[in-house]
Ligand code: AMP
Ligand code: ZN
């Protein structure tokens, strides 16, 4: 990673720099994957480039090759982390009108356990369910499969 590719006033750049904590499941020079603070379902993970790209409209082909190649690897680790996971949604909100709140490109990977799972990504707020020990266990289960 090159620090000049990050910006100061961005939440996810701060997470990359380690200035804001995260439940990291995977990290290398190109990307970081960590649990979404509001778990739509257990194991809901965000994959972000270690370069401040606002959203998909910022990606060059080289950026796409460099950063998006990790989606299958992380998705497969999430699936393997819990035998109850039947499927997984990969969602990306690009732009405010599309529901993007954090303006650093991120890919939502949302495990599906059954028909009762909530569907919406940005409109579900389960932040009250936050539990340090449980989140760490979930992050470790994914991490162990990478
Ligand atoms: P979006 O609406 O696609 O921009 O999604 C932003 C996501 O970032 C939401 O699902 C938030 O729950 C998540 N989020 C916000 N702050 C944090 C944080 N500090 N750590 C992990 N996830 C976060
Ligand atoms: Zn950023």
Original post:
So what is the 222 nm mean residue ellipticity for the chain from helices alone, if each DSSP H run of at least 4 adds -39500 (n - 2.57) and you divide by all residues, rounding to the nearest 500 deg cm²/dmol?
Top reply: -7000 deg cm²/dmol
Subject >> Residue-span extension gain [residue 90 to residue 132] - 0.36 nm each, minus C-alpha spacing >> reply: 12.6 nm
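Kindly give Rg over Rh for the chain, based on alpha-carbon atoms, with the Kirkwood expression for the hydrodynamic radius.
Values: Rg = 14.5 Å, Rh = 15.5 Å.
With Rg and the Kirkwood Rh in hand, the quotient comes to 0.94.
How far, in nm, would the chain grow between residue 29 and residue 144 when pulled straight, counting 0.36 nm per residue and subtracting the alpha carbon separation? Walk me through the numbers before you get to the answer.
Numbers: separation 115, 0.36 × 115 = 41.40 nm, distance 1.90 nm.
Working it through step by step, the gained length comes to 39.5 nm.
Just so you know, all these numbers are worked out from the coordinates, no wet-lab data involved. Note that this is a predicted model, so its numbers are computed, not measured.
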